[in-house]
Amino acid sequence: MNTGERKRLNGEAEEDDDDDLDGEGFNAWERTYADERSWESLQEDESGLLRPIDNKAIYHAQYRRRLRSLSSSATTARIQKGLIRYLYIVIDLSRAAAEMDIRPSRMFVVARHVEAFIREFFDQNPLSQIALVTIKDGVANMLTDLGGSPESHIKALMGKLECSGESSLQNALELVHGYLNQIPSYGHREVLILYSALSTCDPGDIMETIQKCKKSKIRCSVIGLSAEMFICKHLCQETGGLYSVAMDEAHLKELILEHAPPPPAIAEYAIANLIKMGFPQRAAEASISICSCHKEAKVGAGYTCPRCKARVCELPTDCCICGLTLVSSPHLARSYHHLFPIAPFDEVSVSDLTNMHNKFPKNCFGCQQSLLATGNKPGPCVSCRTCRQYFCLDCDIYIHESLHNCPGCDSIRRSKSVTNNEE
């Protein structure tokens with residue numbers, strides 16, 4: 001009789017051994033560190049010592065890289081940007097999405113970054129609309145219809161996170177093509193596919209479906225979470241989209257956010273049109289009316305179409321009765337900065353600031369925080385090409401992604417206007 005059996009017979013509780021393994025072959029203490037992945041927050045310096053990684057500098061470098069790619073594409077060709085976008089996000093929820101090479105799983109990581117992308121998308125594209133499509137069990141399912149409410153999309157996505165079956169790329173493209181083919185010519189038709197599987201189970205010839213998407217001017221982009229696939233690359237090449245494979249979670253976030261700014265329109269597809277838009281009035285808070293979106297009576301604030309007097313819940317949208325595009329004036333104002341974007345600021349090296357003989361700026365012009373690093377030495381910063389003011393890295397990101405105006409240039413313009421008025 002061994003010790004464990006003797007303890008059970010005597011009614012003694014067995015103590016958990018330290019070497020008990022969980023379902024994945026990790027010890028309890030190993031499992032804790034595997035979840036936290038604390039070793040990824042350290043790096044080796046020049047002297048061989050370990051020090052924490054500067055996450056702010058890494059994030060700023062990723063942002064600068066994305067900003068340079070967008071500015072270079074805008075200056076190398078005469079293009080127009082699509083400010084009215086109709087984007088379908090296709091999320092692969094097949095069995096491959098349950099893989100745990102990205103903790104806790106591909107499915108949860110993709111859902112978290114899609115949530116951040118949806119909020120960023122509507123912040124940069126207030127006139128655009130998004131719809132969500134999922135793939136599992138070889139079938140493509142419409143999760144949400146085209147709409148401009150980020151909360152409704154996020155709520156629907158978080159309630160349907162289940163993985164099963166195989167993935168079918170052709171079924172997803174056929175479903176999306178049927179909806180996007182009805183979009184007016186002035187709208188930019190886009191599909192962003194987040195694909196986890198290494199194969200596609202299709203009922204027919206996917207090459208014909210790709211040609212249909214190309215003929216309908218649908219730009220398809222794919223972000224893979226596994227190895228590179230020929231069919232995904234071929235789809236993006238034929239439709240003018242982008243194809244990339246995420247190496248880790250940080251890289252996945254960067255690739256998804258690259259699709260938030262308005263993309264350049266293909267020259268042969270860029271058609272200048274006069275677009276009819278309606279600016280609906282907000283209904284009274286206590287009013288009761290039939291909502292044309294949900295086909296039911298609702299109490300509370302909504303919007304009334306100026307043409308047919310139908311009620312809608314949110315903006316921007318298309319009136320379900322008369323088809324008029326309904327927007328608000330702030331939506332148009334927030335889209336203005338895409339026509340005249342701020343040029344990227346120049347990075348100022350620490351050596352250049354040191355050679356200024358103690359004449360370098362001590363504080364950021366935007367937030368007035370100190371630009372000095374340890375030892376009263378200048379830290380990393382950027383400079384505006386026009387006003388030559390210096391900004392910290394946080395202000396650089398805030399100015400280009402949220403403010404869309406340079407405070408230094410605005411202060412110069414205000415001082416000139418005050419001087420002219422006094423004269």
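The residue of region 215-231 that is nearest to LEU194 (Cα to Cα), among those that are of a type in the set (D, E, K, R) and touching a strand residue (DSSP E or B) at 6+ places or on another chain (Cβ under 9 Å), is GLU228. Residues that are at pLDDT 85 or above and over 28 Å from the mean Cα position of the chain (by Cα) were ranked within region 343-369; the one that is farthest from LEU257 (Cα to Cα) is ASN363. The numbered conditions (1) over 23 Å from the mean Cα position of the chain (by Cα); (2) part of a loop (DSSP other than H, G, I, E, B) are all true for GLN170 except (2).
Per-residue answers, yes or no, for (1) in the same structural domain as HIS251 (by TED's automatic domain parsing); (2) in contact with a Gly (Cβ under 8 Å, 6 or more places away or on another chain); (3) part of a loop (DSSP other than H, G, I, E, B); (4) surrounded by fewer than 21 Cβ atoms within 10 Å (Cβ to Cβ):
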{"position": "ALA111", "(1), (2), (3), (4)": "yes, no, no, yes"}
{"position": "ILE118", "(1), (2), (3), (4)": "yes, no, no, no"}
{"position": "ILE130", "(1), (2), (3), (4)": "yes, yes, no, no"}
{"position": "GLU151", "(1), (2), (3), (4)": "yes, no, no, yes"}
{"position": "LEU161", "(1), (2), (3), (4)": "yes, no, yes, yes"}
{"position": "GLU166", "(1), (2), (3), (4)": "yes, yes, yes, yes"}
{"position": "GLU174", "(1), (2), (3), (4)": "yes, no, no, yes"}
{"position": "ILE183", "(1), (2), (3), (4)": "yes, no, yes, yes"}
{"position": "LEU198", "(1), (2), (3), (4)": "yes, no, yes, yes"}
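Taking each residue of region 384-404 that is closer than 20 Å to ARG414 by Cβ and modelled with pLDDT under 85 and looking for partners that are assigned to a helix (DSSP H, G or I) and not charged (D, E, K, R) with beta-carbon atoms closer than 8 Å, six or more apart or interchain, yields HIS404/HIS337. Scanning region 124-151 for residues that are more than 24 Å from ALA98 (Cα to Cα) and in contact (Cβ under 8 Å) with a residue 40 or more places away in the chain gives GLN124, ASN125, PRO126, LEU127, SER128, GLN129, ILE130, LEU146, GLY147, GLY148, SER149.
The values are calculated or read from the model by the stated rules, or taken from the named source; none is laboratory data. This structure is a prediction, so every number in the text was calculated from the model and none was measured. Neighbour counts run over all protein chains shown; Cβ positions are idealised from the backbone, glycine included.
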